[in-house]
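Reviewing the structure listed below.
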Amino acid sequence: MRSPAALLRVLATTALASGLAIAVRPATARAAKTDVLVLRNGDRITGEIKGLAYGKLDYSTDDAGRLSVEWDKVARLTSPHPFQLETVDGRRYFGRLGVSGRDGYVVVIADHLDSLSTEWVVAISPLNAGFVERLKAYLDVGFTLAKAHRATTFSLSGATDYRGENVGSQIKFDSYAQGQESVPTTTRNSARGTVSWFLPHHWSAVGIGQLEQNDELDLDHRFTGGAAMQRTLQHTNRMEMSAAAGAVVTREQFGNEAAGSTNFEGLLALSWSAFRFDSPKLDFALAVGVFPSFSDWGRVRGQSDLRLKYEVFKDFNAGILFTETFDSRPPDPTASKNDYVTTLTIGWSYRR
């Protein structure tokens, strides 16, 4: 067993265990449930605002438990507690939520009053929210077993996201293994961590660390570290799109190499996610990264992930995961230039 693959599996297991521990950990109540939610149909609900993301208002009540309310169904929202609100154009507002004189608007009370259309508000976060309340996570599992040749495949992927007032982070992992009678097991693993510092006008500075292994590409291991500047191109309650550019340093070793090599590469990345809350509820996410080499001119690497899921029942979903890795000029000319995997998955999500 290769040590990089073993390390990747340890990282994936650790991230999974951390995510599950976080998910089941009880959150401390911020205060008495004194917030008031008024829906467009006239319903009035007293509870506690946990946050707004992906077009859904997370709202806790004593009688009905935790509610996930579509944001476009909200007429008015008031609270004596402080919040951070983010709008479509990237502006941030801080303050309590006052009484609005008309439906479809929220009033932010600070040094002065700001009246914001609910259509323009894309995120709400309690300023005194705990660590757990700022987390989002998902876990997808895929498995197949065929009698012919005793072929089996297994996939595991997941992510944990944290978003604070000024800093955010993500841990993401993907693992895939395919076994067949009389044939060595083929594995493909990756784990990535990022830290983002939020800047004005939709900009962020991002630090990146990644570890990969891929038998199909004859890649024993690759360590990647670098930084990029990212800008959110569009952020609404239905979709989010961002682009990034930067530079990374990689240390990699292929199966035919006696020693590894160090490379300096550029980074161009694009991510797009879209959400549909009408039945069936759909969640689409696409991420593409391209790494043109500066130290090995003409070589280009690429990686992409596409995730489509629909909610079967609350917090559980079924979906399709497609991942591809590309290398235009691997050190071994006989090695494959690309590897892709398509899997059907069942999954769990936390606050997504």
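The values are calculated or read from the model by the stated rules, or taken from the named source; none is laboratory data. Computed from a prediction, not measured in an experiment: that's the story for all the values here. Positions of Cβ are generated from backbone atoms using ideal geometry, with glycine treated the same way; all protein chains shown enter the neighbour counts.
Some values worked out for this structure:
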read-out	value
Residue count, the stretch 319-345 (criterion: over 17 Å from the mean Cα position of the chain (by Cα) and assigned to a strand (DSSP E or B))	11
Any hit, the stretch 22-37, residues being touching a Lys or Arg at 6+ places or on another chain (Cβ under 6 Å), part of a loop (DSSP other than H, G, I, E, B) and either at pLDDT 80 or above or not basic (K, R) (or both)	no
Single unsatisfied condition, L135 versus (1) at pLDDT 90 or above; (2) within 30 Å of Y176 (Cα to Cα); (3) in contact with a helix residue (DSSP H, G or I) (Cβ under 8 Å, 6 or more places away or on another chain)	(1)
Filter result (over 26 Å from the mean Cα position of the chain (by Cα), among the hydrophobic types (A, V, I, L, M, F, W, C) and either over 18 Å from F223 (Cα atoms) or modelled with pLDDT under 85 (or both)) within the stretch 255-302	A258, A259, W297
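For every residue, the table says whether it meets (1) more than 26 Å from V122 (Cβ to Cβ); (2) β-branched (V, I, T); (3) outside any strand (DSSP E or B).
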site	(1), (2), (3)
E257	yes, no, yes
T262	yes, yes, no
L270	no, no, no
S273	no, no, no
F284	no, no, no
A287	no, no, no
F291	yes, no, no
